[in-house]
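**Q** Let me give you the structure first, and then I'll get to my questions.
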Amino acid sequence: MERISTIQRTKEIVSEYQFKFSKSLGQNFLIDGNVLNNIIEGAQISETDAVIEIGPGIGSLTQYLAERAKKVVAVEIDKTLLPILEKTLSGCNNVKVVNDDILKVDVHKLIDTHFPNERPKVVANLPYYVTTPIIMKFLEEKAPVSSLVVMIQKEVAERMQAAPGTKNYGALSIAVQYYCDVKILFKVPPSVFIPQPKVESTVIKLDVKEAPRVQVKDESLFFSIVRDAFGKRRKTLLNALSTGALKLDKQMIRETLNILHINENIRGEALNIEQFAKITNCIVEKTK
Ligand code: SAM
């Protein structure tokens, strides 16, 4: 089948349909077969796989996915791409395009409808303006997906994978690592897109764990503590938690840190996810 993702074919399609790229929808289309192959390899797509693609664009990645997977459901927000996709993917009878905003989609319903009793893989070249909300939606809503292999802005990928004590470590690192094993697969230069984005990209693999990495007695408190701890990076944890949104009692935090043998002067950025979980569980016990 003719490749959609060559420079020439992409330009032909854009001009035939007088398609106008929307910057606000993060429309940067891939024009490099090697990168597309590497995404498919990274996601380990095989003929038994159910795949959800977010933002198929003109179908460049969708075509590769359709050739390897059992079935692909591609959710595209931009109505003007629908007639294009109908044409470019006309040879792929295992693809279903859904016209919707992925942020508004009920993902459990989407999966129940198209992939009952399966755990699809999410594969996407994500629109940069909503990378984090899209990923967090799948994780926080506990969508039954097995992995997400997504192209995102390099800096965001580095924050997701960061370890304690490093400059990129923050609330996003903990939020993603709570749900997933994180692996950076490869970097992608701006030159493989039309139009070229101003940022560098990275393909990241998030393997969704069967159960969260740590057990917390109150998930919402856990994430609030993490947010407060990083909200005021320069403050000690003791000060950040007592003056942040939670306004926890200073003496109680001091006692909690003592019980857990954590130095009172520690900053949030030095704590690992297990320590945040222990602090949460201790506070839950103390405030029962
Ligand atoms: N997959 C294509 C490729 O790799 O060439 C296009 C990727 S482009 C970076 C992002 C795509 O996501 C665009 O087609 C855009 O219209 C679509 N998109 C943007 N926001 C979306 C949203 N909230 N829900 C679904 N699709 C969205």
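**Q** Among the residues of region 233-260, how many are open to solvent by 80 Å² or more (accessible area, probe 1.4 Å) and either among the hydrophobic types (A, V, I, L, M, F, W, C) or within 15 Å of ALA277 (Cβ to Cβ) (or both)?
**A** Selection size over region 233-260: 2.
**Q** Tell me whether region 119-135 contains one or more residues that are more than 16 Å from the ligand (Cβ to nearest atom) and open to solvent by 10 Å² or more (accessible area, probe 1.4 Å).
**A** Yes, region 119-135 contains a residue that is more than 16 Å from the ligand (Cβ to nearest atom) and open to solvent by 10 Å² or more (accessible area, probe 1.4 Å).
**Q** When you scan region 216-232, do you find a residue that is more than 22 Å from ASN168 (Cβ to Cβ), touching a Leu at 6+ places or on another chain (Cβ under 6 Å) and open to solvent by 60 Å² or more (accessible area, probe 1.4 Å), even just one?
**A** So in region 216-232, the residues more than 22 Å from ASN168 (Cβ to Cβ) come out as 216-221.
Imposing the further condition that a residue be touching a Leu at 6+ places or on another chain (Cβ under 6 Å) reduces the set to none.
No: zero hits.
**Q** Here are some residues: VAL199, VAL188. Which one is modelled with pLDDT under 95 and of a type outside the set (D, E, K, R)? Let's see the steps before the verdict.
**A** On the way: VAL188 fails: modelled with pLDDT under 95.
Selected residue: VAL199, the only one of VAL199, VAL188 that is modelled with pLDDT under 95 and of a type outside the set (D, E, K, R).
**Q** Now, a different point. Go through region 89-118 and count every residue that is more than 11 Å from the ligand (Cβ to nearest atom) and either open to solvent by less than 60 Å² (accessible area, probe 1.4 Å) or assigned to a loop (DSSP other than H, G, I, E, B) (or both).
**A** Of the residues in that region, 16 qualify.
**Q** With ARG213, ARG159 as the choices, which residue is within 30 Å of THR236 (Cβ to Cβ), assigned to a loop (DSSP other than H, G, I, E, B) and not aliphatic (A, V, I, L, M)?
**A** ARG213
The values are calculated or read from the model by the stated rules, or taken from the named source; none is laboratory data. Quantities reported herein were computed from a predicted structural model and do not represent experimental measurements. Virtual Cβ from ideal backbone geometry, glycine too; neighbours counted across all protein chains shown. Accessible surface areas use protein heavy atoms only, side chains included; no ligands, DNA or RNA. Shrake-Rupley method; radii C 1.70, N 1.55, O 1.52, S 1.80 Å.
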